[in-house]
Amino acid sequence: MQSRSLFEEETTQIARVALPVPTDELFDYTVPKKLATREGGGVQVGCRVSAPFGGRELTGIIVELQADAGSADKRSYRLKALRDVLDAEPVLSKAMLALLQKAAREVLCPIGIALTSALPAGSSPKRKAGYELTDRGKQALAQRVARGPASTLLKLLSEGPQSTRKLERALPDGRQVLRQCSRDALVRQTFIEQGPTAVEATVRTAEVAAGLNLQEVLSGDLRRSPKQAALLEHLSQRGKTRVSELTELFPTASALLRSLRERGLVQMGSETQARDILGQALEEHSQAPTLTDDQSQALKPMCEAIVQRAHRTFLLHGITGSGKTEVYLSAVGEALHSGRQALVLVPEIPLTHQILSRLRSRFGDNMAVLHSGLSQSERLEQWKKLRRGDTPIAVGARSALFAPLENLGVIILDEEHDGAYKSEEGFRYHARDFAALRGQAADCPVILGSATPSLETRQAADAGRAERIVLSRRIADRPLPEVEIVDLVAERKSQGELSRLILSRSLRESMASTLKEGDQTLLFLNRRGFSTKVFCYACGHAEHCKHCDIALVFHAHDQLLRCHYCDYTLEPTKLCSNCGSEENTLLGLGTQRLEEEVRSLFPEAQVARLDRDVSQRKGATEEILHALRDREIDILIGTQMVAKGHDFPGVRTVGIVAADLGLHMPDFRAAERTFQLLTQVAGRAGRGDTPGRVILQTFSPQHYAIQPVRTHDYETFYAEEIEHRRDLGYPPFGSLVHLLLAGPEMQETEDRIEAMAQELREALPVEASRFAAEASLEILGPAPCPLPRLRGNYRFQLLVKGSNPAALHKAARLLLDAGRKLPSAFRFKVDLNPINML
C-alpha cells in the first residue's frame, strides 16, 4: 500500500514499513537523503521509524528496502517521507523478521501488530500531535496585535510546542481557535517528541572538571572551604564516581557538589545501572550432580543434536519428580559449552522463580529474565542485555520466545501442555509452534517437557514428528505418592454435613499427622476468594455483576463482592436485593474461605495462601516460596499457581479440595485439563525422603479423568481421551477456527453473527471446491458463549471444524474480512486453534 503525498525532499530509497494497524499490508515511504546518510547507520531493515499515517505519526518497522527510488517519480502518486529513524541498528534481525512474518500469516495477524508484540513494551519513542508558533506568530506576539483567545494561544505557545489536546482543553472553543490561527499562519502543526516510557535505570556521577589545575584551586578558591577541597581531592584520585558512593564518605555530598559545580570545578553526569530483578537465590551454588541412568539416556540424543546443530523436537515425558529439570540444566550446559545460547520457557510467571533458582545455582547470575511481571523499564534492560550479547541464557514466560538471541543452541519449554503458552490477544501465536520455527531457523533442538503432555504433542510423537523420551521413575527410586479418592457425596451423607463439609475426615487426619511429624501440607483449590456467591434461600437469587452474566465472589480481606472479569464491586447487604429476605448466605468455596477453615482447625500451624490476590504484591510469590522451602510454613493453600513445576521436599500431604472444578466446563479439553492439573498437583507430594500422600475430594469419583490420577496413569487417560477426539474430529485429528462477536445489544449482536455464519455457509462450497474432498468443513453455531455477557457486552460464538488446514485458513480469512466491516460498536476476534473458548 502506498502513502500518498508530494516528495518532501531528495530521496535515495523506498522503505516498506509494517505499522501497528489492522491491515495485512506494508506501507511504502520514501527515505529522505538526510536519514539515509545519517551517522550511526542510516536506514536498515529491522529498524524502527516514525512515519506519518492518517494525520497521525506512528512507529513502524522497516521490513524491506528498495535501493532505487528513481522510478517513484514516474508513478501517478507520490509517497510520503519517513519522519525519522529511531534506531542506530536493527531491533529485529532479518531472521527474526522472517519468522514473525511467517507466524503472523499462519494466525492471520496483521504483520505490524505481530512485529510490535515482539519488542519490549514502552521501548519505542512516541510523538504527540501539536502546534508551534510560526515566525509570523512570534512577531504578532511581540507586537501584541493578537486579541482574545488568539492572544492566549500565542502566549501558551511562547513556552514551546504544546500538544493539541492540551491546547483544546486550555482554550474556550479550542478547535476553532486553532483552525483560525492556522489559517492566519500564526501557528502550524508539528509533532512533539516524547521519550519511551521504558528507560534504563541511571545513577548520578561526578568527576573533576576537565583541564582543572587542582593544586592551584586547593590553595586558592577552596582554601577556606575544607570540605569542598576534601571532596574535590577525593574525586581527583578516584576519577568519575557515583554520587551515592560519595555520600557514604561525605554526608553532605549533594550540597558540596552543587557548590563545586557552580564554581565550575566538577562536572555532573550519569551512567546506567542495571536493576536487580533476580533477588535472593533460593539455592546455593552447586556443581552438577551425577545423572541417573535414565537421565543420561534421555540427555544423550539432545546433546547430539546440540553439537551437530540439528533441529530435532524432543518430548521429554517424565513423571513428576523424575528429574526433568536436571536434564534441562544439562542441555543448557551443553549449549553453553558449545559456545551457543539457551532459551528456557515456563508457562507462568510464578514458575520462573523455581527454574531461575536452579539455573543460578548451576550457572551463576549471568542470565536475563523476560516476562510481563517486570516493569517496562526492567524488561527493556533485560532485552538490551541479551541484544548486546552480555549473557547467553534467557529465561521467561511465553514472550521470551522473541528474545534477541542470534546463536541459539537449545530451546526448552517446561510444562509444554499448559494453555498459558497460547497468546489470547493481538498476535495469537502458540509458543510451542513459534519455538519450532525458531528451532528450525537456528538449527537447534527444541525440548518439550511435561509429566502430562498435551494430546497434540503426544500424538505428534506417536506419528514420528517428535522423539518421545520417557522418564518413568522418580529420583532415588522414591515412590509416587499414594492417592486416595474421597467420594464427597458419600462423605457428606456419612457425616451428616450436606452443605458445610470442606475437608473430609481423611484429609483432616492426614493434615494432623503431617503437622505432628513436622512435615508440610499443600492444599489445592483452583478458585480464589471467600465464597462463590451470595445466595438467598427464600427466592433463589444470587448477586450477579451488572456488567457480566457471572456471580459475584465475596472477598473477605476487603469485605466486598467482586467480579473476577471486570472487577466490578458491590458491598454485601444483610437483606436479599431481590426479595428483601434475611435468608442470605455465602455459598461455595474459595481460597480465602478455605484458609479460614484451616486456621480454625489447626490454630497452632503456620498457614499461608498463594493465589492471584496475594501475588499482586511485588515480591510476595518469592517470599512465600522461600518460606515454604525453609519450612517456615506448615500449610500452604493455593490455586494452580502452586500446582506444577515446584519442588519442595518437605511437602508430604497434598489435599485436592474440589477436584471437579473445571471438569464439566463446556470445552472439549475439560477432561484433559482436569487430568493434567490433578496429576501435576498430586506430584508435589513425597519428593523428599518421606513417602507422600494425596487426598483427592470429588463428586465424580468414577470419571475417566479422575480415576487414572489414583495410579498416576497417563497412558490409560490418553488412550480413552484420544479416541473421543478421533470420533469427533477435534484436535489433534482436526483443527478449529473460533469466532467471538461481542456487542452492546443482544439481538443485534446475534443477528450480526448469524449473518456472518450465513455468508460463510454460502461461500464455503465455492471455496472448499478448490481443495480435496476431505476439505469439507463443519460449522457449529452460532450460539451464546458460555459466559454470555462480559463487561456490558453480549457475546456469541461460531466454531468451524475441519481436517484440511488450507480450507480452515480460508474460512478464517472470510470471517476476518467480514468482521473488519462491522460497525465500531462491535468487538470480534478470529482465533485459529483456540485454547480458551469461554
- Message: Compute the helix-to-body angle for 670-682: its Cα long axis versus the longest principal axis of the chain, expressed 0 to 90° and rounded to tens.
- Response: 90 degrees
- Over 27 Å (Cα to Cα) among K102/K384; K385/K618; K324/K618; K324/K829; K80/K126 -> K324/K618; K324/K829
- Sort L299, L249 from largest to smallest accessible area, using a 1.4 Å probe on the heavy atoms of the protein chains. L249, L299
- Message: Normalised by the empirical 2.2 N^0.38 Å for globular proteins, what value does the Cα Rg of the chain take?
- Response: 1.11
- Query: Probe 1.4 Å, all protein chains in place: accessible area of H712 in Å², nearest 10?
  - Reply: 40 Å²
- Task: Straight distance only, please: which lysines reach the Cα of K227 with their own Cα at less than 29 Å, same-chain residues fewer than 8 apart left out?
- Result: K240
- Item | Solvent-accessible area per residue for region 318-370 (1.4 angstrom probe, square angstrom) | 22 Å²
- Which value at 222 nm does the chain reach when only helices count, each DSSP H run of 4 or more adding -39,500 (n - 2.57), with the total divided by all residues and rounded to the nearest 500 deg cm²/dmol? -10500 deg cm²/dmol
- Message: Using a 1.4 angstrom probe on the protein heavy atoms only, could you order M511, M641, M268 from most to least accessible area?
- Response: M268, M641, M511
- Query: Within region 371-414, what residues put their amide N at less than 20 Å from the label point 7 Å along the Cα-to-Cβ vector of K126?
  - Reply: 372-381
- Query: Given a Förster radius of 45 Å and the C-beta distance between T247 and E715 as r, what FRET efficiency does 1/(1 + (r/R0)^6) yield to the nearest 0.05?
  - Reply: 0.10
- Note on the structure: Bridge orientation stat for the chain from DSSP, antiparallel percent rounded to 5, came to 60 percent
- Message: Ignoring ligands, DNA and RNA, please state the percent of accessible area on region 409-516 from carbon and sulfur, probe 1.4 Å.
- Response: 45 percent
- Query: Angle, helix 174-183 long axis vs. longest principal axis of the chain, Cα atoms, 0 to 90°, nearest 10?
  - Reply: 40 degrees
- How about K128: which aspartates and glutamates have a C-alpha closer than 13 Å to its C-alpha, ignoring those fewer than 8 places off in the same chain? E57, E193
- Show which lysines lie in cross-link reach of K493 when reach means a straight Cα distance below 28 angstrom and same-chain residues fewer than eight apart are skipped. K533
- Message: Angle check, please: helix 94-107 long axis (alpha carbons) against the longest principal axis of the chain (alpha carbons), in degrees 0 to 90, nearest 10.
- Response: 50 degrees
- Message: Restricting to Cα pairs below 8 Å that are 6+ residues apart, what does the relative contact order work out to for the chain? Please round to a whole percent.
- Response: 9 percent
- Query: By how many nm would the segment from S803 to R179 grow when fully extended, if each residue of separation counts as 0.36 nm and the alpha-carbon distance is taken off?
  - Reply: 218.8 nm
- Message: Rounded to the nearest percent, how much of the accessible area of region 647-698 (1.4 Å probe, protein heavy atoms only) is carbon and sulfur?
- Response: 56 percent
- Rolling a 1.4 angstrom probe over the protein heavy atoms, how many square angstrom per residue are accessible across region 646-783? 41 Å²
- Task: Give the residues of region 230-246 whose amide nitrogen is closer than 19 Å to a point set 7 Å from the Cα of Q267 in the direction of its Cβ.
- Result: 232-243
- Note on the structure: One finds, for L560 and Q297 with R0 = 51 angstrom and r their Cβ-Cβ distance, a FRET efficiency to the nearest 0.05 of 0.40
- Task: Round to the nearest 0.05 the FRET efficiency obtained for E193 and E425 when R0 = 35 Å and r is the Cβ-Cβ distance.
- Result: 0.75
- Item | Sulfur and carbon atoms: percent of accessible area, region 84-140 [1.4 Å] | 50 percent
- Task: Using the heavy atoms of the protein chains and a 1.4 angstrom probe, tell me the accessible area per residue for region 152-279 in square angstrom.
- Result: 62 Å²
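The values are calculated or read from the model by the stated rules, or taken from the named source; none is laboratory data. The structure displayed is predicted, hence computed values, not measured ones. All Cβ positions, even for glycine, are placed from backbone atoms using ideal geometry, and neighbour counts span all protein chains on display. To get the accessible areas, we keep the full protein, side chains included, count just its heavy atoms, and leave off ligands, DNA and RNA. Shrake-Rupley method; radii C 1.70, N 1.55, O 1.52, S 1.80 Å.
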